[in-house]
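The values are calculated or read from the model by the stated rules, or taken from the named source; none is laboratory data. Computed from a prediction, not measured in an experiment: that's the story for all the values here. Here the Cβ positions follow ideal geometry from the backbone for every residue, glycine too, while neighbour counts run over all protein chains shown. These area figures cover heavy atoms from the full protein model, side chains too; ligands, DNA and RNA do not enter into them. Shrake-Rupley method; radii C 1.70, N 1.55, O 1.52, S 1.80 Å.
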Amino acid sequence: MKRTALIAFSLISSAQVAQASDISSARESELLNLLKHDCGSCHGLSLKGGLGPALTPDVLRQKPIEYITATILYGRSGTPMPPWRPFLSEGEANWLAQRIKEGVQ
Amino acid sequence: MSRWLIFPLLMLFSAIPIEAGELRGTGDLGVVVERAKGSLQVIETSGNSVLGRIDGLGDLSHASVVFSRDERYAYVFGRDGGLTKVDVLERRVVARVIQSGNSIGGAISQDGRLIAVSNYEPGGVRIFDAETLDPVADIPADYAEGQRSKVVGLVDAPGNRFIFSLWDAGEIWSVGMSDPENPAITKYPNVGKNPYDALITPDGRYYIAGLYGEDGLALLDLWYPERGVKRILNDYGKGEQKLPVYKMPHLEGWAKAGRHLFIPAVGQHQVLVVDTDNWQEIGRLDVHGQPVFVIARPDGRQVWVNFAFPNNDTIQVIDTRDLKLVETLKPGKGVLHMEFEPRGGEVWISVRDIDRLQVYDTSDFNMLADRPAEKPSGIFLSARAHRTGL
């Protein structure tokens, strides 16, 4: 019973996410390319860290999606992390945050 | 007549590895890092062609390469801590070690016997035998109780020394390796906040670390190391709004033209020009974006600049006689690196997002070759074997 509820819940939330993001698949691959190569220039091609910290699911377990999304959009003052707001919509940043949190290959 | 018969035969041979017994020099060879694939392309600059590929080099997302003094072997420093020695002629891996969790670059000693690698994780420098890759020395970048720094800007220096900077600690360290059993470490603390990379001038005299955390650069005169580190260009960003930096500039790949040094500003879309006689700024040029590499043609007459995202589709060329921009090229999205042929007539450019390797004539800026490569990044020609700091 409990398990059914959980599955139902996760189905709903992923459906909501898909609706909310509404990103074309061409744009999705652009975003993944950006993540790999441009975010990767500081965080590593496989996001295992460089001059910037590692962005692996393990490291980000405690960080809410909203926090990661805001960091992508607005950067972090006092660190080299720049704001990506000029290049990404909120939905796109949110989509990237989810990809990072679940782990991208 | 016979000449025309030989030509296709040569073409045929150039496509396969050099066989045992077949003679070939290495002075016109080089390697190109294919960052996503974890491979190297072996190139030759006489005909501007690709000879072949060496695979299995791990995560090369921020890889760099140095050459043995005989120009036969390339040492590849991978992001995943892999140090690989490859035979450029036979196009195969000779030795490989995973020496840390996360590394950023390396250098070969003046005597050619030692390879040093700078690491982020665990922070420090590890030194290996160039012949066998056996470990020789381990220098953790401990700067306070329980604090270890990421290491950047590692170069070789005359006197069989390695010099590097500590990103987290704001220090420069020099390690003398004349006696490999007993590394002689000298530390220069408080050089400035967050040194991000460094260069050594081609004469091996000045080590200069760029600072991310504050304006200016840290300068160490290796002829007078006892005088310590001094700060130069302290005012270059004063009172100006810092622009976001979407990729850290690189200082390795120096840009010295006569007595002038050309340096990327950080957080300003400018190239700074410094007089190396007195270390005063003599000018600055507005450029297309945040500069990443600022590299002089070997004769010093031109300086070529590429840029960080989102301006990384462009290269600009500065004429060093009057400090004016003379050319703007648009090779394609993701221009990551430029490497001049040793006499400067041609320059190789890697264009990541369109998977191309291009060669330009530096006198008229015409494209001479355009070759496929998978997500190419760093280009390293074997002539680096004979340059301090490269």
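Miscellaneous remarks
- Test: residue in the stretch B:145-154 that is assigned by TED's automatic domain parsing to the domain that holds B:G106, of a type in the set (S, T, N, Q), at pLDDT below 95 and surrounded by fewer than 14 Cβ atoms within 10 Å (Cβ to Cβ): yes
- Qualifying positions in the stretch B:355-373 - open to solvent by 20 Å² or more (accessible area, probe 1.4 Å) and either among the hydroxyl-bearing types (S, T, Y) or at pLDDT below 95 (or both): B:S363
- Any chance B:P342 is in contact with a helix residue (DSSP H, G or I) (Cβ under 9 Å, 6 or more places away or on another chain) and open to solvent by 50 Å² or more (accessible area, probe 1.4 Å): yes
- When residues of the stretch B:293-322 are limited to those that are in contact (Cβ under 8 Å) with a residue 40 or more places away in the chain and open to solvent by 50 Å² or more (accessible area, probe 1.4 Å), the one nearest to B:G267 (Cα to Cα): B:P310
- Residue that is farthest from the other protein chains (Cβ to nearest Cβ) [pool: residues in the stretch B:19-70 that are under 22 Å from B:Y360 (Cβ atoms) and charged (D, E, K, R)]: B:D28
- Filtered residues of the stretch B:314-331 (kept if within 20 Å of the chain's Cα centre (by Cα) and either in a loop (DSSP other than H, G, I, E, B) or hydroxyl-bearing (S, T, Y) (or both)): B:T314
- Some residue of the stretch B:155-163 being at positive phi, open to solvent by 20 Å² or more (accessible area, probe 1.4 Å) and either away from chain A (no Cβ under 14 Å) or of a type in the set (S, T, Y) (or both): yes
- In this entry, B:A130 passes the filter for residues that are small (G, A, S), under 27 Å from B:F67 (Cα atoms) and outside the structural domain of B:V266 (by TED's automatic domain parsing).
- Residues satisfying the stated conditions in the stretch B:326-377, i.e. closer than 24 Å to B:L285 by Cα and of a type in the set (A, V, I, L, M): B:V326, B:L329, B:V335, B:L336, B:M338, B:V347, B:I349
- Of the helices (runs of 4 or more DSSP H) lying entirely inside the stretch A:28-105, those containing at least 2 residues that are open to solvent by 30 Å² or more (accessible area, probe 1.4 Å) span A:57-60, A:65-74, A:90-102.
- Test: B:A36 is in contact with a helix residue (DSSP H, G or I) (Cβ under 8 Å, 6 or more places away or on another chain), in the same structural domain as B:M367 (by TED's automatic domain parsing) and among the small types (G, A, S): yes
- Checked against the criterion of being outside the structural domain of B:P158 (by TED's automatic domain parsing) and closer than 25 Å to B:I104 by Cα, the candidates B:E181, B:E171, B:E252, B:E214 yield just one match: B:E252.
- B:V266 vs. criteria surrounded by 15 or more Cβ atoms within 10 Å (Cβ to Cβ), in a loop (DSSP other than H, G, I, E, B) and either within 14 Å of chain A (Cβ to nearest Cβ) or touching a Leu at 6+ places or on another chain (Cβ under 9 Å) (or both): yes
- Failed criterion for B:Y224 (all others in (1) over 23 Å from B:W167 (Cβ atoms); (2) out of contact with any Gly (no Cβ under 9 Å at 6 or more places or on another chain); (3) buried (at least 21 other Cβ atoms within 10 Å of the Cβ) hold): (3)
- Residue identified as in a loop (DSSP other than H, G, I, E, B), buried (at least 16 other Cβ atoms within 10 Å of the Cβ) and at pLDDT below 95 among B:K193, B:K247, B:K242, B:K238: B:K247
- All positions within the stretch B:349-390 that are aliphatic (A, V, I, L, M) and either in the same structural domain as B:A130 (by TED's automatic domain parsing) or over 11 Å from B:V32 (Cβ atoms) (or both): B:V351, B:I354, B:V359, B:M367, B:L368, B:A369, B:A383, B:A385, B:L390
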